[in-house]
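A.B. asks: Can you read through this structure? Questions will come right after.
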Amino acid sequence: MPPVKIITDSTAEISPELAASLGINVLPLTIQLGNKTYREGIDLTSKEFFTKLARSPVTPVLNAPSVALFEQTLDELMKETDEIVAILNSSKLSRTYHNAQRAASPLLGRAKIRIIDSQLLTTGLGMVVSSAARAALDGADVEQVVRLARGLIPRTYIAAFADTLDYLERSGRIRKAQAILGTMLNIKPLLILEEGEIVVLEKVRTRAKAVEKLVEFIIEFTHIEKMDVLHSTTPEDVALLIEQVNLQLPNLDMKVEMYGPSLGAFLGPGALGVVVYEGM
């Protein structure tokens, strides 16, 4: 029996090399900057995005993969298998999940297609997807893959602070008045992804204090399997965070990555985030 085929989207931050080795089909979101549109991870790298963002006076617009692209991908995969699992970014942050459902609905009688709203983003989603893909390659059937993914999702936590409230306001996450006041007071919002939605947990006035709050968030966990540190243009914040975490959790497995355009559209440049994978 052919292995279960896995679909995800570009917000998962899965490299082309890893996607190829695990057989993951990654559908790109598009980023519109001014009058130009780029496919995330194909036409635009993270570094290129932040360079363009610094020069652009307009807000980046994030668009989900189209229904047509999902239909095309499903049709191609159904030539190889009748078991497909799509694990996608939070339905509260883009229409990716909704577009996948629309594409899959007419095909449900012809194949076992499962569409999962991960309620996640960035490398948190990527970890769930890569784990599901490895299970599929090891022979797990569609329901086993779904159970694995659903078991990993509630053990994955994402927190970040943004350097400014402007991008959250422009993307509709907070009110304009909040953003104006926050800019006047130089507020750095501490954010968490809660049930798939970006929520302001706390507000601080300095980057050093924001790093301190992220460390407090991390050390609240009784057992951490591993952790990602996400940044765009602030390696000094990364060094400070790692130094402080190492004092509390000296053996923690930490990986540093630059976050991508999709998360950057919400947070802007200068943000710092962590993805915590809680062990069993």
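A.B. asks: Quick one: count up the residues across the stretch 221-238 that are surrounded by 14 or more Cβ atoms within 10 Å (Cβ to Cβ) and either among the polar types (S, T, N, Q) or within 23 Å of E48 (Cα to Cα) (or both).
C.D. replies: Within the stretch 221-238, residues that are surrounded by 14 or more Cβ atoms within 10 Å (Cβ to Cβ) and either among the polar types (S, T, N, Q) or within 23 Å of E48 (Cα to Cα) (or both) number 9.
A.B. asks: Scan the stretch 96-113 and tell me whether some residue there is part of a loop (DSSP other than H, G, I, E, B), touching a Ser or Thr at 6+ places or on another chain (Cβ under 6 Å) and within 21 Å of I192 (Cα to Cα).
C.D. replies: Of all residues in the stretch 96-113, those part of a loop (DSSP other than H, G, I, E, B) come to 108-111.
In the following step, the residues that additionally are touching a Ser or Thr at 6+ places or on another chain (Cβ under 6 Å) were identified as none.
No, the stretch 96-113 contains no residue that is part of a loop (DSSP other than H, G, I, E, B), touching a Ser or Thr at 6+ places or on another chain (Cβ under 6 Å) and within 21 Å of I192 (Cα to Cα).
A.B. asks: Here is a check on your reading of the model: is P3 surrounded by fewer than 17 Cβ atoms within 10 Å (Cβ to Cβ), at pLDDT below 90 and not in a helix (DSSP H, G or I)? It would help to see each step written out before you state the result.
C.D. replies: Numbers: surrounded by fewer than 17 Cβ atoms within 10 Å (Cβ to Cβ): no; at pLDDT below 90: yes; not in a helix (DSSP H, G or I): yes.
Here the answer is no, as P3 does not meet what is asked.
A.B. asks: With the condition being modelled with pLDDT of 90 or more and outside the structural domain of A265 (by TED's automatic domain parsing), I'd like the helices (runs of 4 or more DSSP H) fully within the stretch 168-248 carrying at least 2 qualifying residues.
C.D. replies: Working: elements: 176-184, 207-219, 235-248.
No helices (runs of 4 or more DSSP H) qualify here.
A.B. asks: Sort out which residues of the stretch 37-82 are over 21 Å from the mean Cα position of the chain (by Cα) and closer than 21 Å to D166 by Cβ, and write them in order of number.
C.D. replies: A54, R55, S56, P57, V58
A.B. asks: Moving to a separate point now. Does the stretch 4-12 include one or more residues that are closer than 23 Å to G270 by Cα and either without any contact (Cβ under 8 Å) to a residue 40 or more places away in the chain or not polar (S, T, N, Q) (or both)?
C.D. replies: Keep residues of the stretch 4-12 that are closer than 23 Å to G270 by Cα, which gives 10-12.
Imposing the further condition that a residue be either without any contact (Cβ under 8 Å) to a residue 40 or more places away in the chain or not polar (S, T, N, Q) (or both) reduces the set to 12.
Among the residues of the stretch 4-12, at least one is closer than 23 Å to G270 by Cα and either without any contact (Cβ under 8 Å) to a residue 40 or more places away in the chain or not polar (S, T, N, Q) (or both), which makes the answer yes.
A.B. asks: Let me ask something else about it. Give the residue, chosen from L62, L74, that is at pLDDT below 95, surrounded by 21 or more Cβ atoms within 10 Å (Cβ to Cβ), farther than 11 Å from T8 by Cα and among the aliphatic types (A, V, I, L, M). Explain how you work it out, then say what you get.
C.D. replies: Values: L74 fails: at pLDDT below 95.
Testing whether each residue is at pLDDT below 95, surrounded by 21 or more Cβ atoms within 10 Å (Cβ to Cβ), farther than 11 Å from T8 by Cα and among the aliphatic types (A, V, I, L, M) leaves just L62.
A.B. asks: Among the residues of the stretch 136-151, which ones are in contact (Cβ under 8 Å) with a residue 40 or more places away in the chain, within 23 Å of E225 (Cβ to Cβ) and in a helix (DSSP H, G or I)?
C.D. replies: If we filter the stretch 136-151 for residues that are in contact (Cβ under 8 Å) with a residue 40 or more places away in the chain, which is where we start, we get 136-137, 139-142, 145-146, 149.
Restricting the remaining residues to those that are within 23 Å of E225 (Cβ to Cβ) gives 136-137, 140, 145-146, 149.
Hits for the stretch 136-151 are A136, L137, V145, V146, A149.
A.B. asks: Let me ask something else about it. Given the residues L93, L62, which is the only one that is farther than 21 Å from R150 by Cβ and not hydroxyl-bearing (S, T, Y)?
C.D. replies: On the way: L93 fails: farther than 21 Å from R150 by Cβ.
Among L93, L62, only L62 is farther than 21 Å from R150 by Cβ and not hydroxyl-bearing (S, T, Y).
The values are calculated or read from the model by the stated rules, or taken from the named source; none is laboratory data. Computed from a prediction, not measured in an experiment: that's the story for all the values here. Virtual Cβ from ideal backbone geometry, glycine too; neighbours counted across all protein chains shown.
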